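See below for the structure under consideration.
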Amino acid sequence: MTHTLPLPDFTHERVEVITGRRSGLFLAVALHSSVLGSALGGARLWSYPHWSDALGDALRLSAAMTLKNAAAGLDAGGGKSVIALPEGTVLDAERRRAAFLDLGDAVESLHGLYRTAEDVGSTTEDMLVVSERTDHVVGLPDAVGGSGEPAGPTSLGVYESLRATLERVTGSDDVAGRRITISGLGQVGSRLAVRLAAEGAELTVTDVNPAKQHLAAELGARWCPPGEEHLATADVFVPAGIGGVLTDEVIDALDARAVCGPANNPLAARAGAERLAGRGILYAPDFVVNAGGVIYLDLEAKKLGTRPEIMERVSAIGDTLRRIYDEAETRAVTPLAAAEGLAAERLAGGRAPALAS
């Protein structure tokens, strides 16, 4: 499901918008900030009603990556790329390859100011195609010596964030017996659901793909029709699909004590954070919760630690979120404002913009 949103304010360093010469598809590469270093953010392959919706998505997602990478303590700026499919388009293998070769050319045109990786709709194998045209790509398959799929680290960060959130709203970080609703059973949502089910959580799940009902049955989870999951009573609502789902209408009807999930930009509008707070619903900022994958990819690419050490860094996301909750309570602001403040402080004290290689 794609939620059409207005174009955000333009605060970007550079945006490349092209028609792929091989694929004929619309591509956008958005470099939001290189203040902390070469930008890092994935490549999304998705269907959009109009090219302007794809551009808006790239602008929003790249700005969120600046916040994510800064709050995570990485020496990396924010960027994102989008390959837009007209609605109803299905790519065959040849045109898919063409699209990612086109992306590689677009990434290369930024001369190292932006590094791409897999994201929603793309895979590590797609990144291998991108690498034929540029060296500025991370998350290549394990088989070729790359860091592989980042969904596992992302899921770990979400799990630790969920525990921190449960601790704040229930007094305990134990997931056993807690009612948790997961909206979206993709790479990250599915991994999270499997772990939570194994630890005794009472799960309600949904996905726009009805085939995911098989996973729900395997886990003993309650299946909810898409679009109705926010009505299920829950300790934590976990948005794990496409962004923009938390509209005013959804927030007003949401039957949960907290929101904590991996979806990028789940708030349809920034004011949704205040609206959630007004209802007494704790909101875990998405760019903190879902930073596990980018932490893993950046540190792996730079060889900054062993994999166990990097995964320890990912696990510490829960502690970062605890500090954000404390800061929000002390300052009487929303956790979103507290997290944005953390990122802004780091950006203000950052370093000179990255130099093109």
Angle, helix 335-348 long axis vs. longest principal axis of the chain, Cα atoms, 0 to 90°, nearest 10? 30
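Based on the Cβ-Cβ distance of SER109 and ALA316, what FRET efficiency does E = 1/(1 + (r/R0)^6) give at R0 = 45 Å, to the nearest 0.05?
My answer for the efficiency is 0.80.
Using a 1.4 angstrom probe on the protein heavy atoms only, line up ARG95, ARG115, ARG323, ARG163 by accessible area, largest first. Walk me through the numbers before you get to the answer.
Details: ARG95 85, ARG115 30, ARG323 145, ARG163 55 Å².
Reading off the accessible areas and sorting them downward yields ARG323, ARG95, ARG163, ARG115.
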Given the C-alpha centroids of segment 37-60 and segment 133-149, what is the distance between them in whole angstrom? 21
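Of all accessible surface on segment 260-322 at a 1.4 Å probe, what whole percent is carbon and sulfur? List each step's numbers first, then the result.
Working: 1300 of 2340 Å².
Roughly 56 percent, rounded to a whole number.
Using a 1.4 angstrom probe on the protein heavy atoms only, line up PHE287, PHE10, PHE26 by accessible area, largest first.
Details: PHE287 5, PHE10 130, PHE26 35 Å².
Solvent-accessible surface, decreasing: PHE10, PHE26, PHE287.
Using the heavy atoms of the protein chains alone and a 1.4 angstrom probe, what is the accessible area of the chain per residue in square angstrom?
Working: 14370 Å² over 357 residues.
Counting only protein heavy atoms, the per-residue value for the chain is 40 Å².
Give me the dipole magnitude in Debye, nearest 20, for segment 192-291 about the Cα centre, with unit charges on the beta carbon: positive for Lys and Arg, negative for Asp and Glu.
Numbers: 7 positive and 13 negative charges, 36 e Å.
That gives segment 192-291 a dipole magnitude of about 180 debye.
As a test of reading the structure, rank VAL238, VAL35 by solvent-accessible area (1.4 Å probe, protein chains only), most first. The partial results should precede the final answer.
On the way: VAL238 0, VAL35 40 Å².
Accessible-area ranking of VAL238, VAL35, largest first: VAL35, VAL238.
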How long is the gain from GLU167 to ASP135 if the chain were fully straight, where each residue apart is worth 0.36 nm and the alpha carbon distance is subtracted? 7.3 nm
Which of GLY78, ALA268, GLY189, positive extreme of dipole for the chain (C-beta unit charges): GLY78
Taking only Cα atoms, what is the 0 to 90° angle, nearest 10, from helix 51-71's long axis to the longest principal axis of the chain? 70
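Stretch ALA143-LEU91 to full length: gain in nm at 0.36 nm per residue minus the Cα-Cα span?
The ALA143-LEU91 span can extend by a further 16.2 nm.
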Could you check which residue among ALA339, ALA253, ALA197 shows the biggest mean-square fluctuation in a GNM of the chain with a 10 Å Cα cutoff? ALA253
If you line up the long axis of helix 317-331 against the longest principal axis of the chain, both from Cα atoms, how many degrees apart are they, to the nearest 10? 70
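Helix-derived [θ] at 222 nm for the chain: sum -39500 (n - 2.57) over DSSP H runs of at least 4, divide by residue count, nearest 500? Please report the intermediate quantities before stating the final value.
On the way: 13 runs with 148 residues, N = 357.
-12500 deg cm²/dmol, from helical runs alone.
The values are calculated or read from the model by the stated rules, or taken from the named source; none is laboratory data. Just so it is clear, the model here is predicted, and its values are computed rather than measured. Glycine also receives a Cβ, built like all others from the backbone with ideal geometry; neighbour counts cover every protein chain displayed. When the accessible area is computed, the model is the full protein with side chains, heavy atoms only, and any ligands, DNA or RNA have been set aside. Shrake-Rupley method; radii C 1.70, N 1.55, O 1.52, S 1.80 Å.
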